[in-house]
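Read-outs: derived from the displayed coordinates by stated rules, not from any lab. A quick note: this is a predicted structure, and the numbers were derived from the prediction, not measured. In this analysis, Cβ positions are derived from the backbone assuming ideal geometry, glycine residues included, and neighbour counts consider all displayed protein chains.
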Amino acid sequence: MQTHIKNICCIGAGYVGGPTMAVIADKNPHVKVTVVDINAKRIAAWNDEDVSSLPVYEPGLSDVIQRARGRNLFFSTEVEQAIDQADMIFISVNTPTKTYGKGKGMAADLKYVELCARQIASVAKTDKIVVEKSTLPVRTAQAIKTILDQTGNGVNFQILSNPEFLAEGTAIKDLEEADRVLIGGEESEAGQKAIQALVNIYAAWLPKERILTTNVWSSELSKLTANAFLAQRVSSINSISELCEATGANVKEVAKAIGLDSRIGSKFLQASVGFGGSCFQKDILNLVYISKSLGLTEVADYWEQVIIMNDHQKRRFAEKIVQTLFNTVSDKKIAFLGWAFKKDTNDTRESAAIYVADQLMDEQAKIRVFDPKVSETQMQTDLNYLNTRSEAENEALLKATEDPYQACKDAHAIAILTEWDEFKTYDWKKVYEQMKKPAFIFDGRRILDRKELEAIGFRVYRIGEN
Ligand code: UDX
Ligand code: UDX
Ligand code: ADP
């Protein structure tokens, strides 16, 4: 097993694999990095001359791609060939929550990861370091190792856990200036050598003290724990937002007052319509599922409450809209500004907007959405995935527009679901004039200036204040 890697393969060209490999290739010009995916359309988009149509939108990503692509960064559908040539293979495929069978709605579905492991086992002829990059439940590395060792042909495999801590929308910055990189491996000599090989890749741009090495299970569990702690902060402040609305306290003032305590810190205290994204909910559910499987009921219940609080936050936002619009939204037009789960990304997985829309559509509201980076097709896919009503009904009730003013024209109310910066710059007087009166704004992200809107004539509700 060598400690200087020449050839890397990454299986999975998604939100994690794409940006991560782009930065690794950019910083290690002498290492050949090939990102493979079974989705030919996705690979074609990564190879598109026009970098504005990359499959993942991330600020700064197109510059990195332009520097490295074709030099030592390649995107391909030739999965087997890339596995065969690589000394180090990252598994970066999707691990959605199971939608069937045991652990349905909670456990991670590992079928894509297992398929990768089997493919690596059948193709590999030389020793490989296999790195798990996808978010996985604790002990997955062990499962991967068992598959590789039993179906392999005398090839030695070392399995490392190298969880991703990048947040979407800031992925490139998070990779280039990572707070820390975590690498878990076996305590054996071969395990330590494999760890060193991956340390060397990151040391090309990060100071050594930020590269932590641990055993495999600590590394796997740290990823789930980090996301659970972050999500818990959002649910905690969101629980306080409801209390603020009931008492006349202002959540912004409360968040500031507690955030200045250095033991608490100021980040991740932004009250919102609820957290979304591919990681928080999934990772907490994973933690809950693992705890339950181990018979740790109190631990499971403790973390599950973070999810319950988040579901409640989304639901009460939708209820607030219905209640304020005189208890009926049937046939009323409600404009949504934002569909992505947060700003600066085109990712919509678990976005609060999906659930708020679904609930309002149950009340027969007509939703018109504007999001600067999300297509109508994606919105319909998200709704259809919930299985609440037929595809035709979803299409009839929800439509996207290319223009925010068009979305708001003749609307009874506007709901802010994503904190895109451009929403702050709109001509709100013009928006107001084209709306039905009384004109309501429900600011689920607390980004608009309340006084200014009220001076125009809007009736304003913001999460966390009354
Ligand atoms: C607390 C608040 O910190 C302080 O700001 C407030 O004004 C009064 O209440 P105190 O109760 O004196 O102060 O002690 P604190 O340091 O907060 O510890 C409280 C408990 O938590 C202790 O039993 C401590 O041992 C425990 N603790 C604290 C832990 O178990 N782990 C930790 O990481 C920190
Ligand atoms: C998260 C972790 O931050 C990252 O370290 C991990 O690798 C992947 O999961 P991400 O899901 O991309 O990243 O976004 P993040 O910035 O953590 O936001 C998650 C959700 O919480 C978003 O919906 C966001 O809008 C919401 N949020 C965040 C709040 O509502 N309030 C806050 O104060 C912070
Ligand atoms: P993440 O946010 O974890 O990166 P994505 O869904 O964005 O998740 O990306 C995962 C990618 O992995 C998808 O593009 C999918 O096509 C790809 N993938 C899944 N299974 C395999 C496989 N066996 N071989 C190659 N690519 C795969």
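With neighbours defined as other Cβ atoms within 10 Å of a residue's Cβ, the residues 377, 213, 225 order from fewest to most as 377, 225, 213.
In debye, nearest 20, what is the charge dipole magnitude of the chain about its Cα centre with +1 on Lys and Arg Cβ and -1 on Asp and Glu Cβ, if you could check?
Values: 57 positive and 63 negative charges, 83 e Å.
Dipole size: approximately 400 debye.
Every pair of different Cα atoms in the chain enters the Kirkwood calculation, which places the hydrodynamic radius at 23.7 Å. Mind grabbing the base-10 log of I(q)/I(0) for the stretch 292-409 at q = 0.23 Å⁻¹? Debye formula, identical points on the C-alpha positions, no solvent, two decimal places. Log10 I(q)/I(0), no solvent term: -1.35.
For GluC sites (Glu not before Pro), the sites in the stretch 39-112 that DSSP calls loop and that have at most 14 other Cβ atoms within 10 Å are 49, 78. Restricting the trypsin sites (Lys or Arg not before Pro) of the stretch 48-147 to loop positions (DSSP other than H, G, I, E, B) with no more than 13 neighbouring Cβ atoms within 10 Å leaves 71, 102, 104, 125, 139.
Normalised Debye scattering of the stretch 7-206 at q = 0.13, 0.18 Å⁻¹ gives log10 I(q)/I(0) of -0.68, -1.33, counting only Cα atoms as equal scatterers and leaving out solvent. Summing Cβ point charges (Lys, Arg +1; Asp, Glu -1) relative to the Cα centre of the stretch 7-206 gives a dipole of roughly 480 debye.
Need one number: the % of Cα-Cα pairs in the stretch 72-183 sitting beyond the 20 Å mark.
Beyond 20 Å sits 48 percent of the P(r) for the stretch 72-183.
Averaging Cα coordinates gives a centre for the stretch 338-387 and one for the stretch 116-136; these two points are 35 Å apart.
Note on the stretch 227-466: dipole from Cβ charges, positive end direction compared against 420, 259, 317; the farthest Cα belongs to 259. Note that the stretch 238-246 has calculated 3J(HN,Hα) couplings of 5, 5, 6, 4, 5, 5, 4, 4, 7 Hz, one per residue in order, obtained from phi through the Karplus relation 6.51 cos²θ - 1.76 cosθ + 1.60 (θ = phi - 60°); glycine and proline are x.
Arrange the following residues from fewest to most other Cβ atoms within 10 Å of their Cβ: 244, 10. If you can, show how the numbers build up before the last one.
Values: 244 21, 10 28.
With the fewest neighbours first, 244, 10 line up as 244, 10.
Since only 34, 219, 355 are under comparison, the one whose Cα sits farthest along the positive direction of the charge dipole of the chain, derived from C-beta charges on Lys, Arg, Asp and Glu, is 355.
Taking a point 7 Å from the Cα of residue 436 along the Cα-to-Cβ direction, the residues of the stretch 341-364 with backbone N closer than 13 Å to it are 364. Residue pairs exceeding 22 angstrom between C-alpha atoms, taken from 98/342; 128/208; 133/282; 252/320: 98/342; 128/208.
Using only the Cα atoms of the stretch 171-236, build the gyration tensor, take square roots of its eigenvalues as a ≥ b ≥ c, and label the shape rounded, prolate or oblate: rounded if a/c is under 1.5, else prolate if a/b is larger than b/c, else oblate. Can you show the working numbers first?
Numbers: a/c = 3.53, a/b = 1.41, b/c = 2.50.
Oblate, since a/c reaches 1.5 and b/c is not below a/b.
Dipole magnitude for the stretch 130-235: about 100 debye, using +1 per Lys or Arg Cβ and -1 per Asp or Glu Cβ, origin at the Cα centre. Taking amide H as placed 1.01 Å from N in the peptide plane, the amide H of residue 336 sits under 5 Å from that of 368, 369, 370, 415, each at least 5 places away or on another chain.
Diffusion coefficient (Stokes-Einstein, Kirkwood radius over C-alpha pairs, 37 °C, 0.692 mPa s) for the stretch 227-466: 178 µm²/s, rounded to a whole number.
In terms of surrounding Cβ atoms within a 10 Å radius of their Cβ, 360, 296 rank from fewest to most as 296, 360. Potential lengthening of the chain between residue 177 and residue 263 amounts to 28.6 nm, from the contour at 0.36 nm per residue minus the alpha-carbon distance. Within the stretch 41-125, the chymotrypsin sites (Phe, Trp or Tyr not before Pro) that combine a DSSP coil assignment with at most 13 other C-beta atoms in a 10 angstrom radius are 100.
For the pair residue 293 and residue 459, what calculated FRET efficiency results from E = 1/(1 + (r/R0)^6), where r is the Cβ-Cβ distance and R0 = 35 Å, to the nearest 0.05? The calculated FRET efficiency here is 0.10. In the chain, Cα pairs under 8 Å separated by at least six residues give a relative contact order of 12 percent.
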